[in-house]
Amino acid sequence: MGYEEAHVRSGLTQQFTGVLRRSINKDGSFNVQRRGGSWRHFHPYLALLNMSWTEFFLLVLVTYFAVNALFAAGYYMLGPDALAGGDAASPGARFMNDFFFSAHTLTPWATGTSHRPASAQIF
């Protein structure tokens with residue numbers, strides 16, 4: 001099989017006869033759409049880039065509260081003597097103390113206080 005036969009069989013010499021459309025519209029938006037994708041085709045970075053500022057800030061806010069609630073639940077399960085402020089009047093108030101402790105410890109200034117057993121203190 002010669003070069004010309006292989007080239008003809010590959011379809012590279014045939015001309016496309018369909019309607020040609022732009023892949024990027026005049027306004028800068030993409031004209032290409034994926035179909036039939038699965039969860040493996042989800043790219044978090046690209047999803048963050050393509051969402052609006054309102055959606056982005058809402059996602060950051062919801063994620064912040066969800067992470068703090070998760071840690072607050074963990075602190076709550078440690079018991080009332082694990083954190084300062086564990087002597088709250090109700091379980092809800094104690095959970096809120098744990099929530100704010102979590103919020104304080106996730107910030108750069110980390111002003112939360114905890115009561116560790118003397119055996120766990122290094123300094």
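Round to the nearest 0.05 the FRET efficiency obtained for Asp87 and Ala66 when R0 = 35 Å and r is the Cβ-Cβ distance.
Given R0 = 35 Å and the Cβ-Cβ separation, E is 0.80.
Describe numerically, in nm with one decimal, the distance between label points set 7 Å from Cα along Cα→Cβ at Thr107 and at Trp53.
Going from the Thr107 label point to the Trp53 one covers 2.4 nm.
Given the Cα-Cα distance of Leu20 and Gln33 and 0.36 nm per residue of separation, how much length would full extension add, in nm?
Full extension of this stretch gives 3.2 nm more.
No value in this document is a laboratory result; all are computed from the given coordinates. Note that this is a predicted model, so its numbers are computed, not measured. Neighbour counts run over all protein chains shown; Cβ positions are idealised from the backbone, glycine included.
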